[in-house]
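Notes for the one structure printed next.
The values are calculated or read from the model by the stated rules, or taken from the named source; none is laboratory data. In this text, all values refer to a predicted model and were calculated from it rather than measured experimentally. Heads up, the Cβs are rebuilt from the backbone with ideal geometry, glycines too, and the neighbour counts pull from every protein chain shown. For accessibility, only protein heavy atoms count, side chains too; no ligands or nucleic acids. Shrake-Rupley method; radii C 1.70, N 1.55, O 1.52, S 1.80 Å.
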Amino acid sequence: MSRGDMAKPLLGHRSMEGDPSIPPAAGRTVGVLGSGDFARSLATRLVCSGFKVVVGSRNPKRKAGLFPSAAEVTFQADAVKKTDVIFVAVFREHYSTLCDLADVLVGKILVDVSNNTEINHRKESNAEYLASLFPACTVVKGFNVISAWTLQSGARDGNKQVLICSDNQEAKRTVAEIAQVMGFTPVDMGCMSSAREIENIPLRLFPAWKIPIFLALGLFLCFFTYNLIRQVIHPYIREQKNKLYKIPIEVVNTTLPCVSYVMLSLVYLPGVLAACLQLHYGTKYRRFPDWLDQWLQHRKQIGLLSFFCAALHAVYSLCLPMRRSHRYQLIETAVKQAVEKKMNVWVEEEVWRMEIYISVGIIALGLLSLLAITSLPSVANSLNWREFSFVQSTLGFIALVISTLHTLTYGWSRAFDENQYKFYLPPTYTLTLLVPCTVILAKIIFSLPCIQQRLLRIRRGWEKGRYVKFVLPSATGEFSSGETSSNV
């Protein structure tokens, strides 16, 4: 990577002149203890941001070639003496090796950038442990949520925050200044007791995705089992036909659109429930139940998983004619028609049904793609709130309606065919219609002027049963106060 790229800030430099909370950098000398990947990336970023960097290593001659030429690589004791702010870029188990430097570290600011291998692995955080080893130093926790790659990627990496905590306000301000000059956004997380939570952040694996993923897997297993019974087990028991070959492609391809369709409806169902609660209580200030709050917060992830299943369904559908079983079935059908001397097997109704079914499905997938793209932060940040709301709410609801049409054209008149009810079980698509149709019906009801206006008033602050004070002139000309209900 060129120095020009590294010199570009991650975020636009905010002028710090006139900001009393952030002191000027003024070419500060910063120390780095360690020679690993993170230490090298950190030293490179500091140098390109205009800092004088002194790297402390146990083997400076061997490690000097790994750092920028502008950085001074020397022994740890010498590096500590030349600066007041030192980044400790070593693992927790190596903190004890720094105890020999206790005398020269007195009064220094130590920035702990370490992480653990497991969440809540120890009772105390690494930063608290470092502070206990060096009580004469001021320890600041920070930069642990930033990776070595992020430090090197420069302006090509987007909004990156540096979480900072310490018991010393002045030390936090100093580290915040360094983070800002490097192009990051410092975030004050409070006192040192927050260090444990900050150290857990990089170890969490998609925390916002756990519930949506389990929901999608649960729906997939339910629909897969249901389709397996109808498509594989039923013909084996009733007709002694082996249909196991359908499991990898056909059964999965029948299951994916069901999951996608239901997941898409679950994106808009919590909004319907929230509107019902607001209408029932006549206020927007009453808290929703915790389960509804969680549901509302996971709508983005649920929608993206819906798009993922729909995309897989499209790919699986394109692969259906490529299967060997499909070719055998075509040949078998052709032979039967030849034996029966059927010259014209064209069924106008079936042709139109499939044409409409595929066309509507393509449109639905296109709208889902648009919803998924606008969910990306880089795209969402380029839209104003009205544009984002139009895409996610209006176009999303249209996508749900078109997906419903896609499902209905697939079913066509099959719902009234008794041969489709295997083991007296209705076709799968009829089950998937329950939740989406409920959402669509509720949306139509909420669009009625009488209900829409009342809901709009509630969301603008109107409350049922709220009393408003007013003032009336008395018979003597003096003013007297009274009360009336705002919903009269």
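Placing +1 on the Cβ of every Lys and Arg and -1 on the Cβ of every Asp and Glu, with nothing else charged, gives the chain a dipole about its Cα centre of roughly 760 debye.
Judged by the gyration tensor of its Cα atoms, with axes a ≥ b ≥ c, the chain is oblate; a/c meets the 1.5 cut and b/c is at least as large as a/b.
3J(HN,Hα) couplings calculated from phi for region 367-380 with the Karplus curve 6.51 cos²θ - 1.76 cosθ + 1.60 (θ = phi - 60°) are, in sequence order, 5, 5, 5, 5, 4, 5, 5, 6, 7, 5, x, 5, 7, 4 Hz; Gly and Pro show x.
Among Phe51, Ala70, Gly107, pick out the residue whose Cα is farthest towards the positive end of the charge dipole of region 36-164, where Lys and Arg carry +1 and Asp and Glu carry -1 on C-beta, about the Cα centre. Of the candidates, Ala70 comes out farthest on the positive side.
DSSP assigns beta bridges within region 29-203; of those with both partners inside it, close to 5 percent run antiparallel.
Using a Debye calculation, one point per C-alpha and no hydration shell, please list log10 I(q)/I(0) for region 170-238 at q = 0.13, 0.29 Å⁻¹ in order. Reported log10 I(q)/I(0), two decimals: -0.63, -1.16. Going by alpha carbons, how many degrees (0 to 90, nearest 10) lie between the helix axis of 252-281 and the longest principal axis of the chain? The angle comes out at about 70 degrees.
Summing Lys and Arg as +1 and Asp and Glu as -1 over all other residues whose Cβ lies under 12 Å from the Cβ of Val55 gives a net charge of +3. The charge dipole of region 116-226, taken about its Cα centre with unit charges on the Cβ atoms of Lys, Arg (+1), Asp and Glu (-1) only, comes to about 280 debye. Straight-line reach from Lys336: taking Cα to Cα under 20 Å and skipping same-chain neighbours fewer than 8 places apart, the lysines in range are Lys241. Near Asn419, once Lys and Arg are set to +1 and Asp and Glu to -1 for all other residues with Cβ below 12 Å from its Cβ, the sum equals +2. In the chain, the DSSP beta bridges split such that about 25 percent are antiparallel, to the nearest 5. Restricting the chymotrypsin sites (Phe, Trp or Tyr not before Pro) of region 367-439 to loop positions (DSSP other than H, G, I, E, B) with no more than 16 neighbouring Cβ atoms within 10 Å leaves Trp412, Tyr421, Phe423, Tyr424. Under a 5 Å amide H cut-off, with hydrogens placed 1.01 Å from N, Met189 pairs with Ile164, Cys165 among residues at least 5 apart or on other chains.
Amide H contacts for Val30 (H built 1.01 Å from N in the peptide plane; partners 5 or more residues away or on another chain; cut-off under 5 Å): Lys52, Val53, Val54. The solvent-accessible area of Asp103, taken with every protein chain present and a 1.4 Å probe, is close to 140 Å². Entry comment: accessible area of the chain is 57 Å² per residue, from protein heavy atoms only and a probe of 1.4 Å.
Among Gln453, Phe308, Ile201, which residue has its Cα positioned farthest towards the positive end of the charge dipole of the chain, with +1 placed on the Cβ of Lys and Arg, -1 on the Cβ of Asp and Glu, and the dipole taken about the Cα centre? Positive-end residue among those listed: Phe308. When the C-alpha to C-alpha distance is required to be over 22 Å, the pairs from Lys52/Lys108; Lys210/Lys443; Lys141/Lys300; Lys246/Lys341; Lys108/Lys172 that qualify are Lys210/Lys443; Lys141/Lys300; Lys246/Lys341. Computed from Cα positions, the angle between helix 449-459 and the longest principal axis of the chain comes to roughly 20 degrees.
In this rough spin-label picture, where each label sits 7 Å from Cα along the Cβ direction, the Glu418-Ala274 distance is 4.8 nm. Considering the options Val401, Ser378, Asn419, tell which one lies farthest towards the positive end of the dipole of region 209-460, charges being +1 on Lys and Arg and -1 on Asp and Glu at the Cβ, about the Cα centre. Farthest along the dipole direction, towards plus: Ser378.
Principal-axis analysis of the Cα atoms of the chain puts helix 324-339 at an angle of about 10° to the longest axis. Placing +1 on the Cβ of every Lys and Arg and -1 on the Cβ of every Asp and Glu, with no other charges, gives region 29-203 a dipole of roughly 540 debye about its Cα centre.
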